[in-house]
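These notes concern the structure reproduced below.
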Amino acid sequence: MQRESFKSKLGFIFAAAGSAVGLANVWRFPYIVGQNGGAAFVAIYLICLALLGYPVFFSEILIGRATKKNPARAFEELGGHSLWRKGGFFTILTGFLISAFYSVIASWILAYLIFAFKGDLVHFVSDQQAEMYFKAFATSSYQPIIFHAAFILLCFALLYTGVRKGLEKSSKLMVPFLIIILLFLAFIGLSLPGAKAALDFYFKPDFSLITPKACLVALGHAFFTLSLGQGTMVTYGSYLNRDADLTKSCFPIALIDTAIALIAGLAIFPIVFSVGLSPSEGPSLIFYSLPLVFSQLKIGYLLAVLFFLLLVLAALTSNISALEPLINYLMDEKKWPRKKAVTWVSLGSFALGFPLLYSNFMHPKFLVFGKNLFDQISFMALDVMVPIGGFLAVILVAWKWGLHEASRHWIQPGGAIVQEKSWLKGYLWISLKYIAPLLLSLVFFKALGIL
Ligand code: PHE
């Protein structure tokens, strides 16, 4: 079976940007900024992206592009030992596990898009009322299941047709659309009365607010938002043509991802400030606070529809990228045709997400090691498995494969980028060899409660 590939460099950029830009940008980023001190946190986050995020992102794409194999095989080929293969497979599993809880949140968002269309999200008079509305939906006996199935079905449809017709085409369509909606929302946000307070909060740093915990949150986020440590970027890199310029392909993706997170803050903070709410609302921001805000604004109906449409698009292009590594693995290793692999992986994702749909609302006796199943799986995947996966990729490239060999795949036929701009090589290398392993270990030990 010939390996699939992206048709063009631009197609790759859109698909990878679609993966990177997800709920972490438009939902999580604004509230963690709110919870961790505003502008100062944004500054720390940008530093984390430069020190850790971008170099690891670059090296994962490089692993995929150099080997043209799924993460398990790619790790084995470069690591020269079958143990590395297990490491690669571990990252594939991480992506699959992430998709289990990611798709649950996405299915709630899909439901809210439909509720927004129906005009149901503009009648709230209090926070509690909005909360009760959400809980009534999320604990109802069949609605969450239907929306979860619908979301997985959408992913299935996009994945079924393959890399070019599915991943590439859909991202080329959805990512620009998403950007337009976001810009429009930011424009509206900035014309609201809360814009001044929001801009101050967002752009005037007060570094006394920064805690070590905030730094670790920023590190973890820089990692997750670029879809690292979970097989996704290795797989996408393996679909990138050999003649594509790596630096020029990777940089715009990190830029788009960062810009979208920043603009999402510009859209959300003014809305939140305009009605006197706190920006540190936490995860409930989109399901409780924003519907309350939409109910108080004249253009609330339009805002609600656009906002949830934006979130659905962001979640779709990310969730398919979390499932693609396992699909590709089954095609490569088990010689399954794409359609069979997509069908089983989608069914598996639905089955795995199923117990998570209600676990947030279960009786405390159903806790697993002190957390409900949803929190436990998201904690394991995000805080434990993702840093391990990233750590493996970094050690593989910087310590096992080595600078000399790796840069042979990095130099482009058209021009010797690495040698011409050796500061780039130096920067990436210091980060991959020393800074990234150290920082990833910190994130990992923090998750285990050792720090
Ligand atoms: N990067 C995505 C986001 O920002 C999350 C993601 C996770 C994507 C896992 C792919 C795989 O939301």
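The values are calculated or read from the model by the stated rules, or taken from the named source; none is laboratory data. The structure displayed is predicted, hence computed values, not measured ones. Because the Cβ atoms are built from the backbone with ideal geometry, glycine has one as well, and the counts that use them run over all protein chains shown.
Could you tell me which of the residues Phe58, Phe6 is part of a helix (DSSP H, G or I), surrounded by 23 or more Cβ atoms within 10 Å (Cβ to Cβ) and either away from the ligand (no atom under 15 Å from the Cβ) or modelled with pLDDT of 95 or more (or both)? Exactly one residue qualifies, and that residue is Phe58. Contact map, segment 384-403: residues that are in contact (Cβ under 8 Å) with a residue 12 or more places away in the chain and assigned to a helix (DSSP H, G or I) paired with residues that are buried (at least 22 other Cβ atoms within 10 Å of the Cβ) and of a type in the set (D, E, K, R), Cβ distance under 7 Å, separation 6+ or inter-chain. Pairs shown: Ala393/Glu60. The number of residues in segment 218-231 being under 18 Å from Leu62 (Cβ atoms) and either without any contact (Cβ under 8 Å) to a residue 24 or more places away in the chain or more than 8 Å from the ligand (Cβ to nearest atom) (or both) comes to 4.
Considering (1) within 16 Å of the ligand (Cβ to nearest atom); (2) over 25 Å from the mean Cα position of the chain (by Cα), the lone condition that Leu192 does not fulfil carries the number (1).
So which residues in segment 126-164 are among the charged types (D, E, K, R) and exposed (fewer than 15 other Cβ atoms within 10 Å of the Cβ)?
If the condition is that a residue be among the charged types (D, E, K, R) and exposed (fewer than 15 other Cβ atoms within 10 Å of the Cβ), then Lys135 is the only one that fits.
If the condition is being out of contact with any Ser or Thr (no Cβ under 6 Å at 6 or more places or on another chain), surrounded by 24 or more Cβ atoms within 10 Å (Cβ to Cβ) and either in a loop (DSSP other than H, G, I, E, B) or among the charged types (D, E, K, R) (or both), then segment 9-29 contributes only Val21. Restricting attention to segment 221-250 and to residues that are more than 15 Å from Asn25 (Cβ to Cβ) and aromatic (Phe, Trp, Tyr), the residue that is surrounded by the fewest Cβ atoms within 10 Å (Cβ to Cβ) turns out to be Tyr239. Can you name the residue in segment 30-40 that is surrounded by fewer than 24 Cβ atoms within 10 Å (Cβ to Cβ) and under 23 Å from Ala436 (Cα atoms) and, of all such residues, is farthest from the chain's Cα centre (by Cα)? Taking the candidates together, the pick is Ala40. Condition check: in a helix (DSSP H, G or I), under 19 Å from the mean Cα position of the chain (by Cα), closer than 27 Å to Glu4 by Cβ and at pLDDT 95 or above. Does Phe75 satisfy that? Criteria not met by Phe75. Do we have any residue at all in segment 70-91 that's farther than 25 Å from Ile430 by Cβ, within 16 Å of the ligand (Cβ to nearest atom) and of a type in the set (Lys, Arg)? The answer is no; no qualifying residue exists.
All told, Ile98 falls short of being in a helix (DSSP H, G or I), more than 16 Å from the ligand (Cβ to nearest atom), β-branched (Val, Ile, Thr) and touching a residue at least 12 places away in the same chain (Cβ under 8 Å). I'd like to know if segment 185-208 contains one or more residues that are within 28 Å of Ser441 (Cα to Cα) and part of a helix (DSSP H, G or I). Looking through segment 185-208, at least one residue is within 28 Å of Ser441 (Cα to Cα) and part of a helix (DSSP H, G or I).
Checked against (1) modelled with pLDDT under 95; (2) charged (D, E, K, R); (3) away from the ligand (no atom under 16 Å from the Cβ), Arg28 passes all but condition (3). Segment 232-346 holds helices (runs of 4 or more DSSP H) entirely within its bounds, and those carrying 3 or more residues that are at pLDDT 95 or above and either in contact with a Pro (Cβ under 6 Å, 6 or more places away or on another chain) or within 14 Å of the ligand (Cβ to nearest atom) (or both) map to 232-238, 246-274, 300-333.
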